[in-house]
Amino acid sequence: MTQEAFKLCKMVDLNFIGNVEGHDLFNNRVDVVVCDGFIGNIVLKSLESFAKGLASWLKDEISLNPKRMLGALLVKGALRTIKRRTDPDTRGGAPLLGLNGIIFKAHGSPAKKLL
């Protein structure tokens, strides 16, 4: 099915570049990635977890040394921007296009409390 979808996408008048690698998700090479729901969910959850882990590692490492803490103050605005860009709560969901219509997949995490 994946190979057939690839052939169909090549025939449509789109800016279709074909298969992409993981690093292509963050280098502005693509705007849309098409995959099945299982793979998409794995990628999404892995990236969310990595972003949270990286933020925790940075916080731990920065707090070890006054020079690092000073450096963190100098890049505080950039760090906040990156935190906002990687926060899954800034986007409530995403449209999923299917054969039988369109649905919106809402983001949800069992660890989050509803306000």
| Got a number for the accessible area of Asp87? Probe 1.4 Å, square angstrom, nearest 10. | 60
| note | In this structure, among Lys45/Lys83; Lys52/Lys76; Lys45/Lys76, pairs with alpha-carbon gaps over 19 Å are Lys45/Lys76
| How many nm is it between the label spots at Val12 and Asn28, if each spot is 7 Å from the Cα in line with the beta carbon? | 2.5
| query | Rounded to a whole number, what is D in µm²/s for the range 7-63 from Stokes-Einstein with the Kirkwood radius over alpha-carbon pairs (4 °C, 1.567 mPa s)? | reply | 94
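The values are calculated or read from the model by the stated rules, or taken from the named source; none is laboratory data. Everything numeric here is computed off the predicted structure, so don't read it as measured data. Every residue, glycine as well, gets a Cβ built from its backbone with ideal geometry; the counts of neighbours run over all protein chains shown. Ligands, DNA and RNA are stripped out before the accessible areas are found, and what is left, the full protein with its side chains, is counted by its heavy atoms. Shrake-Rupley method; radii C 1.70, N 1.55, O 1.52, S 1.80 Å.
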